[in-house]
Every structure is written in C-alpha cells, then in structure tokens.
C-alpha cells in the first residue's frame, strides 16, 4: 500500500473523529446523597461542565414511588438530621422559584426526580444557570437535596416540595 495513501486516510479519520466529538470535558463535581433521619433514600449526582451548560446525571434509590422535588441548596451542610442545615435553594441571582425550563428561576431549580414502583429514579439533564469551579453560580460546596413531595414550581420560595429525604455536599472531582 502507498505510504502517502495511508497518511491521508489516517488524517481523514482523525479529522472526522474530531468533528464528531462532543464538547470537550470541563470541570466536574459529584455528590453522594445520604438519607436524612427516618429515610432510606440514597444515591449519587454527577455534574460536568460542557461549554455554557452543566450536564447533571442522578441515580437515587429508596424513594417512595412518584415525583420528588430535587434542588441545589445554598449551604454545603447536611449535618442536621432533617438536612435543614443546607439552607434554602441556591439562588445567587435573586430570581423566583420556577420550572428549570424557564430563564427566570433559582440557579438551584432542577427537574423533578420520578421514582418507579421500586423507588428508583434516574435523571439526566442539562442546566444553563449553574457552573462548576468559579463565579457566583458555582455549585461546588453547595448541597443537593431530594424532597418527599413533588415540586409545584409555583409556591415561593420552595415549590411546596415537603421534607428532605436525602442530602449530599457537592465536591469538585
């Protein structure tokens, strides 16, 4: 085989792979969710910066079947038995609580977790208000909370999502 042909083919292959590759990986963070007192909910949430968005991947078990409010809270403190030590929703821009598809919302507003009949929930979503590793909307050092009830995305400032069943502090990874 002609060496020039091999080099051209190899170059085309590399160029094609580069054109098809996803946005380069940026900073990442993770948390391990632990149950609050009286709960069995636990899981993991991973965050990865991709350009101006953060990809969120959550896997949670031990939930009651149905929908559960799911938020980033302002304090990285899960020390109290009910996780109230995590404070309110992360809201550095002073927006109202709302559905994560709207632009006017808390930075900590995320889509609900929906648990199946076995109490397992998975969620993969992209959020455009939060960041990892710097700035006012940086989530590192904040907490992730899973609530007992669905989020109505209207009631201020919490979405009427009820008690807290799991909490984890977000750490850079």
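The values are calculated or read from the model by the stated rules, or taken from the named source; none is laboratory data. All values derive from a computational prediction rather than experimental measurement. Quick reminder, even Gly has a Cβ in these numbers, built from the backbone with ideal geometry, and neighbours come from all protein chains shown.
Return the only residue of 102, 93, 124 being more than 15 Å from residue 150 (Cα to Cα) and in a strand (DSSP E or B). Outline the logic, then answer.
On the way: 102 fails: in a strand (DSSP E or B); 93 fails: in a strand (DSSP E or B).
Sole residue among the options that is more than 15 Å from residue 150 (Cα to Cα) and in a strand (DSSP E or B): 124.
For the stretch 70-98, the candidate set comprises residues that are loosely packed, with under 15 Cβ neighbours inside 10 Å and either free of Cβ contacts under 8 Å to residues at least 24 places away in the same chain or within 17 Å of the chain's Cα centre (by Cα) (or both); within that set, the residue that is farthest from residue 58 (Cα to Cα) is 94. Of the candidates 11, 38, the single residue that is out of contact with any strand residue (DSSP E or B) (no Cβ under 7 Å at 6 or more places or on another chain), modelled with pLDDT under 55 and either closer than 17 Å to residue 100 by Cβ or surrounded by fewer than 16 Cβ atoms within 10 Å (Cβ to Cβ) (or both) is 11.
Looking at residue 101, is it modelled with pLDDT under 95, within 16 Å of residue 123 (Cα to Cα) and loosely packed, with under 11 Cβ neighbours inside 10 Å?
Working: modelled with pLDDT under 95: yes; within 16 Å of residue 123 (Cα to Cα): yes; loosely packed, with under 11 Cβ neighbours inside 10 Å: yes.
Taking the combined requirement at face value, the residue satisfies it.
Looking across the stretch 161-173, just one residue is within 14 Å of residue 56 (Cβ to Cβ), part of a loop (DSSP other than H, G, I, E, B) and modelled with pLDDT of 95 or more, and that is 170. Specify the residue that is nearest to the chain's Cα centre (by Cα); the eligible residues are those in the stretch 130-160 that are under 20 Å from residue 34 (Cα atoms) and outside any loop (DSSP other than H, G, I, E, B). Only one residue fits best here, namely 144.
Would you say residue 25 is in a loop (DSSP other than H, G, I, E, B), modelled with pLDDT of 95 or more and exposed (fewer than 14 other Cβ atoms within 10 Å of the Cβ)? No, not satisfied.
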